[in-house]
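Taken together, the values in this text are just the output of simple stated rules run on the coordinates, not laboratory data. Please read all numbers here as calculations on a predicted model, not as lab measurements. Counting neighbours? That spans all protein chains shown, and the Cβs are built from the backbone with ideal geometry, glycine included.
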Amino acid sequence: MTMTEKRPPRTLGTGHDTFWEWCGKGELRLQKCTSCGGINWPVRQTCEFCGQAEFFWEAMSGRGKVVSWCSFHQDYYGSVMPRPYDCILVELEEGVLFLSNPHGFGFDDMVLGMDVAVQFIDCEDDAGVFKLPVFGREALSNSG
Amino acid sequence: MPPAAPEFSRKASIVGVGESDYQADYRAQRKPPEGYQPPTTEGLALLAFERALADSGLTRGDIDGLTGSFTYGGPPPAELASLLGVGPRWNISNGNIMAGPLPVVCAAIAEGKADCVAMVYAVNSRTAGRVFGGATHPAGSDSDEGYGTPPSYYYYHPWGWSSQAAHWAMIAAHYMAKYGLREEDLGAVAQQVRNHASRNPNAVMQTPFTIEEYMASRYIVRPLHLLDICLVNDGAVCLIVRRADLARDMAKVPVDVAGWGEAKIKHSKLDQMVRQQLRPQLEEAGGQAFAMAGLSQADIGHFEGYDAGSMHLINQIEGYGFVGQGEGVSFCQAGEMDLTGRLPSNTEGGNLSASYMHGWSQVAETVRQMRGEAGARQVAGLNYAMTSLAQTDQAHPILYARGGI
């Protein structure tokens with residue numbers, strides 16, 4: 001059993017809800033433009049590359065490499081998350097940069113280009129419980 | 001914003017500058033004296049205007065244009081004119097941060113809308129308790145068309161990621177790993193800017209610090225320390241801008257606005273910001289400004305970059321082509337951003353140590369430097385200078401020439 005972590009609020013609504021529904025099924029899927037093939041993240045209503053409004057929810061491999069990282073000491077969220085906590089920027093195999101949290105490792109372990117893989121942890125915000133995509137140093141079966 | 005067109009170059013000159021008492025106001029807010037009344041946007045604006053007018057040697061009757069720029073709200077145009085006691089024929093709200101307002105006024109003067117414009121900017125960020133991160137920008141607060149809040153200010157809340165500081169931290173961690181730099185190395189940037197501020201009696205923070213003291217200061221978003229992140233303070237700036245041919249016989253040296261540029265990230269923000277340090281935008285906007293002014297990097301004797309974070313000053317020095325990629329920090333460590341270096345930078349103490357006026361106080365500093373009025377921090381022999389407002393996704397450089405050159 002894992003603890004459900006409290007988190008600051010997600011952006012919800014058209015498109016955003018679909019992203020989180022896929023996460024709930026343990027899948028990282030992002031919007032791929034049916035016109036130009038560009039992968040959009042964060043979720044958009046129109047493609048940031050070509051302006052068209054039709055997307056396919058493309059499954060990501062879930063693997064990527066660490067591009068950057070930081071550790072929050074300042075409390076920006078009224079102590080919702082225990083500090084310090086770390087964030088990472090991952091380049092997914094599909095080329096998109098995905099901002100997330102490291103899971104099972106931290107700031108002092110970080111190396112540029114380190115291999116990571118997505119996993120999903122149980123979280124809760126004001127809108128309810130959800131599964132949050134985070135990244136571990138190797139592929140694990142989805143926790144939850 | 002008007003295009004970076006050569007026909008707008010050197011058509012308008014800055015002939016007056018006024019600023020509020022950043023240091024005294026900050027100190028009063030930290031330790032309020034009995035009966036203390038915090039400054040208002042209106043009071044700060046009026047003070048800066050009266051100082052700028054006195055500095056220019058002009059009178060209220062000479063002011064036929066007025067613009068107001070209030071980042072967090074302020075009086076609308078007619079109220080502002082009444083507050084300042086002027087009757088302009090051209091009077092507009094003019095954006096807020098120094099990302100367009102000066103080019104807008106220069107173009108208006110070139111087009112005959114006004115001959116002498118008072119540009120007023122004021123913020124009471126500190127009194128209003130303005131914070132920069134977390135719930136400042138609520139989740140789901142925007143559409144995707146780019147007129148409002150950038151998604152990077154709110155979209156990553158569920159991962160605990162927000163704030164301008166976090167943007168600079170992500171850039172810095174990548175940069176430091178890529179070029180093999182330590183926190184101590186980056187500390188030289190904030191230290192250099194503070195050393196400048198120690199020579200500016202109106203700077204909020206004037207006490208120099210050692211690298212040991214830098215390392216001991218708390219993290220905000222690691223790897224960045226408190227001293228890597230800009231101030232939050234109240235203040236106002238007024239610039240008096242006059243038609244260049246009318247600015248030539250005045251008591252003080254006019255400072256001509258010679259060029260400007262603008263570029264914004266259109267997609268893939270985190271890649272362009274973190275991995276490329278906004279280089280595509282800085283190069284494009286800088287190229288526009290240099291071409292408009294007929295100048296090059298080698299001409300620039302004084303640079304004022306937007307140091308909302310120490311790392312971002314390095315992004316700009318590199319992105320505008322003053323040094324090569326990855327060389328900005330060692331350039332600073334070698335003293336090249338000091339008063340006698342190759343590119344004296346943020347000589348009043350920047351946003352890090354002097355005052356966080358969204359780029360406006362850096363224009364005022366440029367005018368003082370160009371006139372030779374910068375006192376203990378004066379750069380010798382200046383003819384051309386550059387200011388840069390650069391946010392997490394856009395760049396707005398402006399180039400200046402000593403009047404008559």
Can you give the mean number of other chain Cβ atoms that lie within 10 Å of the Cβ atoms in peptide A:27-33? 0
Of the chymotrypsin sites (Phe, Trp or Tyr not before Pro) in region B:15-77, those whose Cβ has at most 16 other Cβ within 10 Å and which sit in DSSP loop: B:Tyr36, B:Tyr72
So if I take the alpha carbon set of region A:5-136, get Rg, then get Rh from the Kirkwood formula, what is the Rg over Rh ratio? 0.97
Along the charge dipole of region A:5-136, pointing to its positive end and built from +1/-1 on Cβ of Lys, Arg, Asp and Glu, which listed residue (A:Val116, A:Val80, A:Leu30) has its Cα farthest out? A:Leu30
Which whole-Hz couplings ³J(HN,Hα) result when phi for each residue of region B:388-405 is put into the Karplus expression 6.51 cos²θ - 1.76 cosθ + 1.60, θ = phi - 60°, listed in order with x for Gly and Pro? 9, 9, 9, 9, 6, 9, 7, 9, 9, x, 9, 10, 10, 10, 4, x, x, 7
If neighbour count is taken as other Cβ atoms inside 10 Å, put A:Met60, A:Met3 in order from fewest to most. A:Met3, A:Met60
Determine the calculated [θ] at 222 nm for chain B from helices alone, applying -39500 (n - 2.57) to every DSSP H run no shorter than 4 residues and normalising by the residue count; nearest 500 deg cm²/dmol. -9000 deg cm²/dmol
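Nearest 5 percent is fine: what portion of the DSSP beta bridges confined to the protein assembly as shown is antiparallel?
80 percent
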In this model, which of A:Lys65/B:Lys264; A:Lys25/B:Lys269; B:Lys11/B:Lys252 are farther than 20 Å apart at the alpha-carbon? A:Lys65/B:Lys264; A:Lys25/B:Lys269
Counting each DSSP H run of 4 or more residues in chain A as -39500 (n - 2.57), what helix-only mean residue ellipticity at 222 nm follows after dividing by all residues, to the nearest 500 deg cm²/dmol? -2000 deg cm²/dmol
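If you take every DSSP beta bridge fully contained in region A:5-136, what fraction is antiparallel? Give it as a percent rounded to 5. Write out the running numbers ahead of the final one.
Working: 31 of 34 bridges.
Bridges in region A:5-136 are about 90 percent antiparallel.
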Counting only other chains, what is the mean number of Cβ atoms within 10 angstrom of the Cβ of each residue in peptide A:60-72? 5
Stokes-Einstein D in µm²/s, Kirkwood radius over Cα pairs - the protein assembly as shown at 37 °C with 0.692 mPa s viscosity: 135 µm²/s
Mind telling me which of B:Ser162, B:Ser310, B:Ser268 comes out most flexible in a GNM of chain B, alpha-carbon contacts under 10 Å? B:Ser268
Measuring from the lowest to the highest alpha carbon on each principal axis, how far does chain B reach, largest first, in angstroms? 56, 50, 45
For B:338-344, B:303-309, ranked highest to lowest by mean beta-carbon neighbours within 10 Å, the order is B:303-309, B:338-344
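Place the peptides A:18-25, B:111-118, B:351-358, B:321-328 in order of packing, highest mean first, counting for every residue the other Cβ atoms within 10 Å and averaging per peptide.
B:351-358, B:111-118, B:321-328, A:18-25
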Restrict the search to region B:177-226; then list the trypsin sites (Lys or Arg not before Pro) that DSSP places in a loop and that have at most 14 other Cβ atoms within 10 Å of their Cβ. B:Arg182, B:Arg218
Peptide B:162-168 - average C-beta neighbours from other chains (10 Å radius): 3
